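Student: Structure in structure tokens, see below.
The values are calculated or read from the model by the stated rules, or taken from the named source; none is laboratory data. Source: prediction; values computed, not measured. Backbone-built Cβ (ideal geometry, glycine too); neighbour counts: all protein chains shown. Calculation scope for accessible area: heavy atoms of the full protein, side chains included, ligands and nucleic acids excluded. Shrake-Rupley method; radii C 1.70, N 1.55, O 1.52, S 1.80 Å.
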Amino acid sequence: MSWLCSSFYINLQPVMIKLHASWLEVLAPEFEKPYMKDLKAFLMKEKASNVVIYPPPAQIFAAFEHTHFDDVKVVILGQDPYHGTGQAHGLCFSVNKNVDIPPSLKNIYKEQVTDVGISYPSHGNLVQWADQGVLLMNATLTVRANSAGSHQKKGWEQFTDEVIKQLNAQREHLVFMLWGSYARSKSVYINREKHLVLEAPHPSPLSAHNGFFGCRHFSKANAYLVEKGKTPVDWQIT
């Protein structure tokens, strides 16, 4: 069980995982750094202890498989994968179709209904956004079952911070939606002269009424994309 950086495969469990070539071009050096080796050792220890990790191994890098580096138009940043059975599948705020829509995503949908006029979706799978260039990335890419935040500060944040830094440096006219204090702290890596940064409270029921509702981030994002000659995002989930 090893991380084979020469081919950029990760054998975390019996399933082989790879990062898409467009991301490897900019992130390859990260796999040789000490923090990544420490992260590998931590995950191997978790597996040796028969700990259940979410999302499933093949979906840990799902955000990067669905949204390639050169296709990113919008970045939505989460903090931690869902830690309940069958929820997490590698895209922040998103859940599998057969799972109840989480409260924060319900509030995201409510804002979209009033902002861009979508019909309220019947499920919480956001793959349709990801396939249009919306990078749905959690800052931490794995979590122990039923233990929120259990894989924080183990190395994933350094990796995902590098993702933001590379997008900021190598791409232009991206939209970064930063919801809540944790996501907003990542704005230090973003050049606001090159990109649009949209900030609001987190869509959680605890804070959505403090400014997430009415933020109109989805229409603002599309207006910016059109202004820059890009195709807007169809936010309707079907």
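Student: With a 1.4 Å probe and all protein chains left in place, how much of the accessible area of the chain comes from carbon and sulfur atoms, in whole percent?
Tutor: 50 percent
Student: Placing one identical point scatterer on every Cα of segment 143-238 and ignoring solvent, what is log10 I(q)/I(0) from the Debye formula at q = 0.16, 0.25, 0.26 Å⁻¹?
Tutor: So the normalised log intensities are -0.85, -1.27, -1.29.
Student: Of the candidates THR160, THR142, THR85, which one comes out as most mobile in a Gaussian network treatment of the chain with C-alpha springs shorter than 10 Å?
Tutor: Sorting by GNM fluctuation, first place goes to THR85.
Student: How high is the relative contact order of the chain? Use alpha-carbon pairs under 8 Å, at least six apart in sequence, and give a whole percent. Don't skip to the end; give the middle numbers.
Tutor: Details: 427 pairs, mean separation 49.0, N = 238.
With pairs under 8 Å counted, the relative contact order is 21 percent.
Student: Restricting to DSSP loop positions (anything but H, G, I, E, B) with no more than 10 other Cβ atoms inside 10 Å of their own Cβ, which trypsin sites (Lys or Arg not before Pro) remain in segment 113-156? Walk me through the intermediate numbers first.
Tutor: Working: sites: ARG144, LYS153, LYS154; in loops: LYS153, LYS154.
When the trypsin sites (Lys or Arg not before Pro) of segment 113-156 are filtered for loop state and at most 10 Cβ neighbours within 10 Å, LYS153 remain.
Student: May I ask for the equivalent-ellipsoid semi-axes of the chain, computed as the square root of five times each C-alpha gyration tensor eigenvalue and listed largest first in whole Å? Before the final figure, lay out the partial values.
Tutor: Numbers: eigenvalues 161, 88, 49 Å².
Rounded to whole Å, the semi-axes are 28, 21, 16.
Student: Using 21 Å as the Cα-Cα cut-off, could you pick out the over-long pairs in LYS18/LYS153; LYS106/LYS230; LYS40/LYS154; LYS97/LYS153; LYS110/LYS186? Write down the numbers at each step before the final one.
Tutor: Details: LYS18/LYS153 23 Å; LYS106/LYS230 28 Å; LYS40/LYS154 9 Å; LYS97/LYS153 30 Å; LYS110/LYS186 25 Å.
Listed pairs above 21 Å: LYS18/LYS153; LYS106/LYS230; LYS97/LYS153; LYS110/LYS186.
Student: So if I take the centroid of the Cα atoms in segment 159-212 and the same for segment 98-123, what is the distance between those two points in Å?
Tutor: If we compute the Cα centre of each part, the gap is 20 Å.
Student: Given the options ASP71, ASP38, ASP80, state which has the largest fluctuation in a GNM of the chain using a 10 Å cut-off (strictly under) for Cα springs.
Tutor: In this elastic network of the chain, the residue with the biggest mean-square fluctuation among ASP71, ASP38, ASP80 is ASP38.
Student: Could you check the simple spin-label distance between PHE213 and GLU193, using points 7 Å along Cα→Cβ, in nm with one decimal?
Tutor: Label at PHE213, label at GLU193, 3.9 nm between them.
Student: I'd like the Kirkwood hydrodynamic radius of segment 63-102, using the inverse of the mean 1/r over distinct C-alpha pairs, in Å.
Tutor: Values: mean 1/r = 0.0881 Å⁻¹.
For segment 63-102, inverting the mean 1/r across all distinct Cα pairs yields 11.4 Å.
Student: Where Lys and Arg each count +1 and Asp and Glu each count -1, what net charge lies around TYR109 among other residues with Cβ under 15 Å from its Cβ? Provide the component values of the computation, followed by the final result.
Tutor: Numbers: positive: LYS97, LYS106, LYS110, ARG216; negative: ASP100, GLU111, ASP115, ASP234.
Surrounding charge for TYR109 is 0.
Student: Between LYS153 and ASP38, how many nm apart are label points set 7 Å from Cα along the C-beta direction?
Tutor: With each label placed 7 Å out from Cα toward Cβ, I get 1.1 nm.
Student: Then there's this: Label-point separation (nm) for LYS97 and LYS110, each offset 7 Å from Cα along Cα-to-Cβ?
Tutor: The two pseudo-label positions are separated by 2.7 nm.
Student: Can you tell which of PHE176, PHE42, PHE93 shows the greatest fluctuation in a Gaussian network model of the chain with Cα springs below 10 Å?
Tutor: Looking only at PHE176, PHE42, PHE93, the largest GNM fluctuation is found for PHE42.
Student: Given a Förster distance of 30 angstrom, what is the FRET efficiency for ALA21 paired with SER181, based on the Cβ-Cβ distance and rounded to 0.05?
Tutor: Details: r = 35 Å, r/R0 = 1.15.
That pair, ALA21 with SER181, gives E of 0.30.
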